[in-house]
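A.B. asks: Okay, handing you the structure first.
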Amino acid sequence: MTIALTSSPMQHGQLETNRLMLLVIAACLPGVGIGTWFFGYGIIINITLAVLAAMVLEAMLLTLRKRDLKFYLSDNSALVTAVLFGIAMPPGSPWWLVLAGIAFAIVIGKHAYGGLGQNAFNPAMCGYLFLLLSFPLQMTSWHIPSDAIVDAANFSPLGWQGLRQSMLLSFPFLAADAATVQATIDGLAMATPLIESKMAAQNALLTARDTDLPLFARSSDTGWEMVNIGYLLGGLLLLYKRIISWHIPVSIIGTVTLLSLLMYAPGSTSIVGTTYLHLFGSATMIGAFFIATDPVSAATSNLGRIVYGIIIGVSIYTIRVWGSYVDSIAIAVLFGNFCAPLLDHYLRPRVYGHQRAPLLGEKRRTG
Amino acid sequence: MNQLQHSRKIARKLRAHRIFGGIKPLALKARSLRSRIMPTPIPEMLILPLLQHQGSPAAPIVNVGDQVLKYQLLAAAEGPLSVPVHAPTSGEIAAITDAPVPGHGKQSQRCILLRADGVDNAIGLLLLPDHRALSHWQLLERVNAAGICGLGGAGFPTAEKLRSSIERGIELLIINGAECEPYISADEALIRERAAAVVSGAEILQSICLADRCVIAIEQDKHDALKQLRHSLESSSVELLELPTKYPIGGEKQIIQAVTGLEVPHDALPMDIGVLVQNAGTAYAVHDAITEGKPCISRITTLTGTPLQTPKNFEALIGTPVSFMFELCGIEESRHTGSIMGGSLMGLELVRTDVPLIKTSNCLIAKSRAEFPEAKPEQACIRCGFCATACPARLLPQQLYAYSRNQNLEQLEQLNLADCIECGACDYVCPSHIPLVQYYRASKQAISSRDQQRQLSAHWQRRFQFHQYRLKKEADGLQEEERAHRIAPEAAHQARGFSRDKARQEIAAAVERVATRRRNTIASSRESD
Amino acid sequence: MTYPLVDWVSIQALLWLLGLSTLIVLGLKIWRWLRQQRVQQRSVVDRVNYLLPQTQCGQCGYPGCLPYAREICRGESINKCPPGGTETIVRLAKLLNRAPSPLNPAHGEFKSFAVAAIREAECVGCTKCIQACPIDAIIGGSKLMHTVIEKECSGCDLCVEPCPVDCIDMLAISSPATFEWTLPSTVIGAYSKLDSAL
Ligand code: SF4
Ligand code: SF4
């Protein structure tokens, strides 16, 4: 005789998955805002496109998988994937590139594994990496309105002209003639948030410091630092709200810091880069606080998280300095994802009342 | 680790320690603390289950129709893990029958139904103002006779716990005044109003279990109770320790960790590391039992919940129906959607309210939809790890959940599911509304039934092996018997110290003797001829 | 040339040393752990036998569970044990890394656990059931009444057939009415999933 009975506890906390996802998105906003301030509307167009496409795709897939549409859509997880993906994409990418990437992220990266909670890899990074391997040229060039560079003093990427040019970059078919598009596109090709063309980024930063630009100058050279600080702030918000634990960001940043301290030889002509460059010159902050901490694909025990962070940190550094790939964060995070199940299995905390964790020591005594 | 090392460790470490994990749920105690503890009126019918504790039920010694007095023994303990039941008031035994009792699901148990006569005539009580007059065994005997079991909720027979603690030797007695469940305020109210009695109970308990030190541990945000305690403790050797407010710091294992920094080994009991924990309510009941001779017939119970107009703490008679208690508080039936016995995090849901309040019921919550909305549908686990951060046993609830889902019992054992105290902290924080504790309970039951099956299998296997051995022996036995016949006489002779050679010599000697005698006879006859 | 006490290179050297020694310690631990992993392995037959229900009913066609376990390890199919049911097949399949298949109906079908009981008034004392019982759970003498020790009976069914007067019944054991937690209803247990897949 069994009776359906609710088991204790009857009282529950306030934080819910959908709210949690919204908070993650909110924490991205400072970074996105600063990015827009410096580089124009490209990021926002990317995010909007990705979000719209993600919602439609998610709804389609849920219908196909015969799930309750409203219930599963409202967990907002597709939203987070789309926002992170939009941020990672080079601004000014053509619309079809964004759509292809987000489609891969949602269809293959997420639902092919069984949906939220089952995906072994960070979907946004799956989509991103898919594009990077399939469209290396488009993915390694980063377009901002050409006038922002050519005529930096007078041109505001936030103004009407900026918006127009950004839209033209994303939707080339809007332009009356091909020449206009060409003129815009020719503007600039440089590193994306996740792609550090080593030399370019280093040079950019060195220039920035040498020339002592004012902090909020609208220059794409210094923009990087500010964007990173934006994401750092967002990350601190997440930490404060206890949505992410400190273990992953701290161990990633710590590892990168330590390695760059170890490797950097002042005065030499090597291109390994200073610690400062490694932390603020590229996408380290968004990687450490937003991408690597995606709970589903990360390690879950605290010790596991630290090792996971170290693995990612080492990979970031290695790929940046010695790898032939120009990108580091996406690959490093996916590499960490590979290791996460293993870490979860072996790095368990010592349970209350037990002598010691089964950490690579003797085989656990079950009793 | 031996006792000595432990005692040194405990003495050195007595201060507020951190416990693993834990959560800070919104405390809603103030509601029921607005008024003072109130004794309940006597209900018409009292339902007294024979099993209100962990262990075996008591055996009734009264018959239907008997007139009984208040404090009179109704059912005597049977066996060591049994606790006697006394009459909470005077009246007539209406029936001894199966009646619904609080428990998981619809459970009924043997109960004594007592129809109160409203007069409340009591038998005389044996007062004992100074407990030092008795030896600790005599005191223990009185605790045993008073029918006290752990009043904090677990309900382990107190006398038995004390007895085995005395045998093991106790360094530290912890009086658990930490009441971490967000709704319960019974112990807080008790300490606030009757601190002296609690302290005296603590002293009695200390002198029973012969602990070197005794500490009352209580959360630091219970200001009134703390003030009263400090006052009562001025002339006492009992110490006071303030603990941080955190759920589930009042759990037995957790409070030991919080007070001593030691963990109870997973395969041992608190007394094995020289610690004994008793609830503050139990200490109060012990005080009553020893100094006033009162058996355990009432307890302090919190009544709370938004459908109740006047939530408060009651000194309620054991056996009072839950519905009667609710009515005392002016329940608004229209808002009442269900009831919980115990706290909101570890309590059990009551399917009906005609069940009695028992010795372990520290709280009754009337649920309303606003306060306890229906369980939201389970979403996917996003592996956020909140649960692991909250778990006071430092388990990995999300992995336990994943393995519970596909009933991978081996992995669950590897992950120490058995160490889960079902506190519900993980469930509380889970953003995806996963009923984790229910998964664990189902899995624990699956494991235990599998273990039973395994024991049976092993037993059958042994018997089968013996069966085969027996058949073989019987078959061998037939041939063996024949051989045994052949060699038997010799063996028998050998056993008596014979040997063939010796026998031959003896025979030869005998033959020789006979021959000699014959020769002699012949010779002599010839001579006589 | 003067050497400063603390300079960039010395810090770096120190950190390198630290890192290397950590790596060495970790490596040693991993090596030790790997070695330990190798040591403890029970024999496969034992592990298979452990998963079998040990009713010793012989429905698989072998005289007892252990012989069947031996044959399984030599390649015999794993779906011949009716008392074990689907659960045992799944566990065996997992242990041996074979594809699970539904119970072979030729060997009988899964029944819930029941023990034998002799209708004692009808027993003629022929001792046939005693000889059939694989675990000696029946007592009685020639021409005397027999009975099954309920506590010991494994429910193998083997005594039912030989009884000349058909006085042995298999009775399902009534389990005590305890409350059982069920997995929350949204979940399909692994075995039921398998059942439907089979
Ligand atoms: S708290 Fe809930 S969603 Fe988060 S990891 Fe634990 S079980 Fe999963
Ligand atoms: S219910 Fe069990 S797993 Fe969950 S927090 Fe409590 S002890 Fe840990």
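The values are calculated or read from the model by the stated rules, or taken from the named source; none is laboratory data. This structure is a prediction, so every number in the text was calculated from the model and none was measured. Every residue, glycine as well, gets a Cβ built from its backbone with ideal geometry; the counts of neighbours run over all protein chains shown. Side chains included, ligands, DNA and RNA excluded: accessible areas come from the protein's heavy atoms. Shrake-Rupley method; radii C 1.70, N 1.55, O 1.52, S 1.80 Å.
A.B. asks: Starting from the stretch A:248-259, keep only residues that are of a type in the set (Gly, Ala, Ser), then list their pairs with residues that are open to solvent by 30 Å² or more (accessible area, probe 1.4 Å) whose Cβ atoms are within a distance under 7 Å, requiring at least 6 positions of separation or different chains.
C.D. replies: Sorted first by the residue in the stretch A:248-259, then by its partner, the pairs are A:251/A:306; A:251/A:310.
A.B. asks: Additional query: Suppose the filter is of a type in the set (Ser, Thr, Tyr), more than 11 Å from ligand 1 (Cβ to nearest atom) and open to solvent by less than 20 Å² (accessible area, probe 1.4 Å); does residue B:448 pass it?
C.D. replies: Values: of a type in the set (Ser, Thr, Tyr): yes; more than 11 Å from ligand 1 (Cβ to nearest atom): yes; open to solvent by less than 20 Å² (accessible area, probe 1.4 Å): no.
Criteria not met by residue B:448.
A.B. asks: If I ask for residues that are open to solvent by 20 Å² or more (accessible area, probe 1.4 Å), away from ligand 2 (no atom under 16 Å from the Cβ) and not β-branched (Val, Ile, Thr), which ones from the stretch B:331-347 would you list? If you could, list the steps in order and put the result at the bottom.
C.D. replies: Step one: list which residues in the stretch B:331-347 are open to solvent by 20 Å² or more (accessible area, probe 1.4 Å), which gives B:331-337, B:346.
Filter once more, so that each one left must be away from ligand 2 (no atom under 16 Å from the Cβ): B:331-337.
Across the stretch B:331-347, the qualifying residues are B:332, B:333, B:334, B:335, B:336.
A.B. asks: I need a count of the residues in the stretch C:83-113 that are open to solvent by 20 Å² or more (accessible area, probe 1.4 Å) and without any contact (Cβ under 8 Å) to a residue 60 or more places away in the chain.
C.D. replies: So the first thing to find is which residues in the stretch C:83-113 are open to solvent by 20 Å² or more (accessible area, probe 1.4 Å), and the list is C:83, C:86-87, C:90-91, C:94-113.
Filter again for without any contact (Cβ under 8 Å) to a residue 60 or more places away in the chain, leaving C:91, C:94-99, C:103-111.
Qualifying residue count for the region: 16.
A.B. asks: With the requirement that a residue be open to solvent by 30 Å² or more (accessible area, probe 1.4 Å) and of a type in the set (A, V, I, L, M), what does the stretch C:44-77 give you?
C.D. replies: If the condition is that a residue be open to solvent by 30 Å² or more (accessible area, probe 1.4 Å) and of a type in the set (A, V, I, L, M), then C:44, C:45, C:51, C:66 are the ones that fit.
A.B. asks: Could you please let me know if residue B:363 is at pLDDT 90 or above, within 16 Å of ligand 1 (Cβ to nearest atom) and open to solvent by less than 50 Å² (accessible area, probe 1.4 Å)?
C.D. replies: It is false that residue B:363 is at pLDDT 90 or above, within 16 Å of ligand 1 (Cβ to nearest atom) and open to solvent by less than 50 Å² (accessible area, probe 1.4 Å).
A.B. asks: Mind listing just one residue for me: the one in the stretch A:120-142 that is open to solvent by less than 10 Å² (accessible area, probe 1.4 Å) and assigned to a loop (DSSP other than H, G, I, E, B) and, of those, nearest to residue A:287 (Cα to Cα)?
C.D. replies: A:122
A.B. asks: Among the residues in the stretch B:274-289, are any part of a loop (DSSP other than H, G, I, E, B) and not small (Gly, Ala, Ser)?
C.D. replies: Of the residues in the stretch B:274-289, the ones part of a loop (DSSP other than H, G, I, E, B) are B:274.
Now drop any that are not not small (Gly, Ala, Ser), which leaves none.
No, that holds for no residue.
A.B. asks: Another question, then. Of the residues B:309, B:399, only one is out of contact with any helix residue (DSSP H, G or I) (no Cβ under 6 Å at 6 or more places or on another chain) and more than 10 Å from chain A (Cβ to nearest Cβ); which?
C.D. replies: Result: B:309 is the single residue among B:309, B:399 that is out of contact with any helix residue (DSSP H, G or I) (no Cβ under 6 Å at 6 or more places or on another chain) and more than 10 Å from chain A (Cβ to nearest Cβ).
A.B. asks: Would you mention how many residues in the stretch A:68-96 are touching a residue at least 24 places away in the same chain (Cβ under 8 Å), farther than 18 Å from residue A:21 by Cα and within 14 Å of chain B (Cβ to nearest Cβ)?
C.D. replies: 0
A.B. asks: Say we look at the stretch B:357-372 and pick out the residues that are assigned to a loop (DSSP other than H, G, I, E, B) and facing another protein chain (nearest Cβ under 9 Å); which of these is farthest from residue B:310 (Cα to Cα)?
C.D. replies: Of everything passing the filter in the stretch B:357-372, B:372 is farthest from residue B:310 (Cα to Cα).
Every residue, every condition in (1) hydrophobic (A, V, I, L, M, F, W, C); (2) within 16 Å of ligand 1 (Cβ to nearest atom); (3) surrounded by fewer than 24 Cβ atoms within 10 Å (Cβ to Cβ), yes or no:
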residue: B:349; (1), (2), (3): no, no, yes
residue: B:359; (1), (2), (3): no, no, no
residue: B:370; (1), (2), (3): yes, no, yes
residue: B:381; (1), (2), (3): yes, yes, no
residue: B:393; (1), (2), (3): yes, yes, no
residue: B:405; (1), (2), (3): no, yes, yes
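So that you can scan it fast, the table gives a plain yes or no per residue for (1) within 13 Å of chain A (Cβ to nearest Cβ); (2) open to solvent by 40 Å² or more (accessible area, probe 1.4 Å); (3) within 24 Å of the chain's Cα centre (by Cα); (4) within 17 Å of residue B:205 (Cα to Cα):
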| position | (1), (2), (3), (4) |
| --- | --- |
| B:218 | no, no, yes, no |
| B:227 | no, yes, no, no |
| B:231 | no, yes, no, no |
| B:248 | yes, no, yes, no |
| B:261 | yes, no, yes, no |
| B:266 | yes, yes, yes, no |
| B:270 | yes, no, yes, yes |
| B:279 | no, no, yes, yes |
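A.B. asks: Could you tell me which numbered condition residue B:64 fails, if it satisfies all but one of (1) surrounded by fewer than 22 Cβ atoms within 10 Å (Cβ to Cβ); (2) not in a loop (DSSP other than H, G, I, E, B)?
C.D. replies: Among (1) surrounded by fewer than 22 Cβ atoms within 10 Å (Cβ to Cβ); (2) not in a loop (DSSP other than H, G, I, E, B), the lone unmet condition for residue B:64 is (2).
A.B. asks: Name every residue in the stretch C:124-154 that is crowded, with 21+ Cβ neighbours inside 10 Å and under 13 Å from residue B:460 (Cβ atoms), in order of residue number.
C.D. replies: Hits for the stretch C:124-154 are C:133, C:134, C:135, C:137, C:153, C:154.
A.B. asks: Could you please give the count of residues in the stretch A:38-73 that are part of a helix (DSSP H, G or I) and open to solvent by less than 50 Å² (accessible area, probe 1.4 Å)?
C.D. replies: Summing the residues that are part of a helix (DSSP H, G or I) and open to solvent by less than 50 Å² (accessible area, probe 1.4 Å) in the stretch A:38-73 gives 19.
A.B. asks: Is one or more of the residues making up the stretch B:331-352 part of a strand (DSSP E or B), within 14 Å of chain A (Cβ to nearest Cβ) and of a type in the set (Ser, Thr, Tyr)?
C.D. replies: yes
A.B. asks: What number of residues within the stretch B:417-434 are facing chain A (nearest Cβ under 8 Å), surrounded by fewer than 24 Cβ atoms within 10 Å (Cβ to Cβ) and more than 10 Å from ligand 1 (Cβ to nearest atom)?
C.D. replies: 2
A.B. asks: Checking residue B:454 against (1) in a helix (DSSP H, G or I); (2) within 12 Å of chain A (Cβ to nearest Cβ); (3) not aliphatic (A, V, I, L, M), only one condition comes out false. Which one?
C.D. replies: (2)
A.B. asks: Among the candidates B:127, B:73, B:151, B:172, single out the residue that is in contact with a strand residue (DSSP E or B) (Cβ under 7 Å, 6 or more places away or on another chain) and more than 24 Å from residue B:187 (Cα to Cα).
C.D. replies: Only one candidate qualifies: B:73.
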